[in-house]
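The structure appears below as structure tokens.
The values are calculated or read from the model by the stated rules, or taken from the named source; none is laboratory data. Note that this is a predicted model, so its numbers are computed, not measured. Heads up, the Cβs are rebuilt from the backbone with ideal geometry, glycines too, and the neighbour counts pull from every protein chain shown.
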Amino acid sequence: MFAKRTLPTIIAFVCGITVVIAYFFNIPAIQSLAQGILRWQAVIAVFALGLGAVNIIRVHVNNIRRSQGTNIYSLALLITFVITIFVGVFLGQNSNAYKFIFDYINVPTGSAIFSLLAFYIGTAAYRAFRAKNVEAAILLITGCIVMLGRVPIGAKILPVSVPLTNWIMSVLNVGGQRGVMIAGAIGFIAVSLRIIVGLERRSYGGE
Amino acid sequence: MDIFEKLQDLDRRVFYLLMALAIAIPIIRPIGLPIDVTDPVKRTYDFVESLPNGSIVVMGFDYEPGDEIDLSPIAQAILHQLARKNIRVVALASFPAGPTFAEECLAVLEEYGYEYGKDYINLGHYAGGEPTLAAFANNPTSIFVRDWLGNDVASLPLMQEISSMKDFSMAMTLNDGPTGGTGTHEWVRQAVMAHNVPLIMGVTGVLAASNETYVQSGQCKGILAGLRAAAEYEQLIDRKGIGTTGMDAQSMAHMLIVIFVVLGNIGMFLSKKPSGRPGPGSPSRPAVPGGEGK
């Protein structure tokens, strides 16, 4: 109980309070302690990356075992995972092999996945933007104006789309975003305080 | 099925084909649509111009491969402007892919005779997001002992001029969102609020909406959103690149979507099904006179 609950709560409390005090007050001893805590956090984050890597291997090894070798996606992931780690660790991140993987596999596949949005969002917009009622009509008109106002051809076809887009983005959008951000920030403060004082049990692995 | 009903339900493969053509053709044969420079981009350019010559800026390459096409052109355009003012650059990245993008973009500086370690540095990747950025802001060498090339960071001449975030004349984040890396909100907190260092952002198009708030509040001195901003910046620095060529394709893609949306709505308004399906509008108030029960 002490190791699972009380000790993590004490650590979170001390670390949280120290960093908060260091942000607001310039006390050298607290500043130094807070800087040490932040550096520790960076080290722990690196270990978390390693933990994530081990977890990925476990999950996909289990997938392959369960499917008796027919799960080619997990197999492909593990093979590329091992190759990339080998190249990165033993040949270095500035090696030609690493750059080849990055430039000719990592970047093109990442961009390809992202570029599919143009197709999916396009068809989704075509099917969803229907003026079935007033709200849908407002959404449709706003969406079309912003789509046109954001590209050069829009300014040529419908010049008014540019100032209208700027107005939508800087007035309507910012008003809504501010509300969301302020509400989110207040919620974030509340949750942070609950974690620091140990009331947020889920943060410590509890229910 | 009449033509108007068909307009409402065109085969998505037709759309995919047309979209592929709309993007590919302008890239192969650019149309050269004129690009007007908008106020947010001009403001950002003017702000960078106002920085003291020879000062040092920090740039966060906080994006992954999927967003490279939006953000690398912005980074390169800004770097050209910084180099013309002899401003030195320290780069770091909160995503593992970031240092490689930084390396590719920082190559721009070599055109201007910049020397690694003296005029620019690629510090590499840091894990841990905002707390690590906070630690970097307080003491950069406490987080980066070795740079991306494996050099001892403390021994590099440029880093000897930097003891905290306050030594930078500007911070910039090229950012594709907070998932997995350091987001724009974190940069506002750690650069602007904690150290009062002016911040500019290069973000993907979709992030423009949420970050516009910081521009209006004055916490962000300028925002460059998506490929469009890169294209405009290329106009300002008078150096055309991928941003400019990409805008024709983006124009055509947006245009195609708008055309399809309009066609779908025309089809919906004009279609009349024998089954008596109401036209547009709520069931109690059919928008097509006599549409109900026909």
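Of note:
- All positions within the stretch B:189-225 that are under 16 Å from B:T132 (Cβ atoms) and either surrounded by fewer than 21 Cβ atoms within 10 Å (Cβ to Cβ) or β-branched (V, I, T) (or both): B:R189, B:A194, B:H195
- Any helices (runs of 4 or more DSSP H) falling wholly within the stretch A:21-120 and containing at least 2 residues that are more than 21 Å from the chain's Cα centre (by Cα) and among the polar types (S, T, N, Q): A:28-66, A:72-86
- For the stretch B:117-130, filtered to residues that are away from chain A (no Cβ under 12 Å) and touching a helix residue (DSSP H, G or I) at 6+ places or on another chain (Cβ under 9 Å), the residue that is farthest from A:F47 (Cα to Cα) is B:D119.
- B:F47 within 14 Å of chain A (Cβ to nearest Cβ) and at pLDDT 95 or above: no
- Taking the stretch B:219-261 as the range and being in a helix (DSSP H, G or I) and touching a Phe, Trp or Tyr at 6+ places or on another chain (Cβ under 6 Å) as the test, the residues that pass are B:L236, B:F260, B:V261.
- Scanning the stretch A:168-207 for residues that are over 30 Å from B:V215 (Cβ atoms), modelled with pLDDT of 85 or more and of a type in the set (K, R) yields a single hit, A:R194.
- The stretch A:177-207 - residue that is among the small types (G, A, S) and surrounded by 13 or more Cβ atoms within 10 Å (Cβ to Cβ) and, of those, farthest from B:H185 (Cα to Cα): A:G198
- Highlighted here are the helices (runs of 4 or more DSSP H) found entirely within the stretch B:1-104 that include at least 2 residues which are closer than 20 Å to A:F114 by Cβ: B:12-28, B:68-84.
- From the list A:G149, A:G122, the one residue that fits, being over 13 Å from B:N265 (Cβ atoms), buried (at least 20 other Cβ atoms within 10 Å of the Cβ) and more than 7 Å from chain B (Cβ to nearest Cβ), is A:G149.
- Among the residues making up the stretch A:164-188, those that are at the interface with chain B (Cβ under 10 Å from one of its Cβ atoms) and within 30 Å of B:P26 (Cα to Cα) are A:T165, A:N166, A:I168, A:M169.
- Residues located in the stretch A:1-15, provided they are modelled with pLDDT of 90 or more and either within 12 Å of chain B (Cβ to nearest Cβ) or not in a helix (DSSP H, G or I) (or both): A:C15
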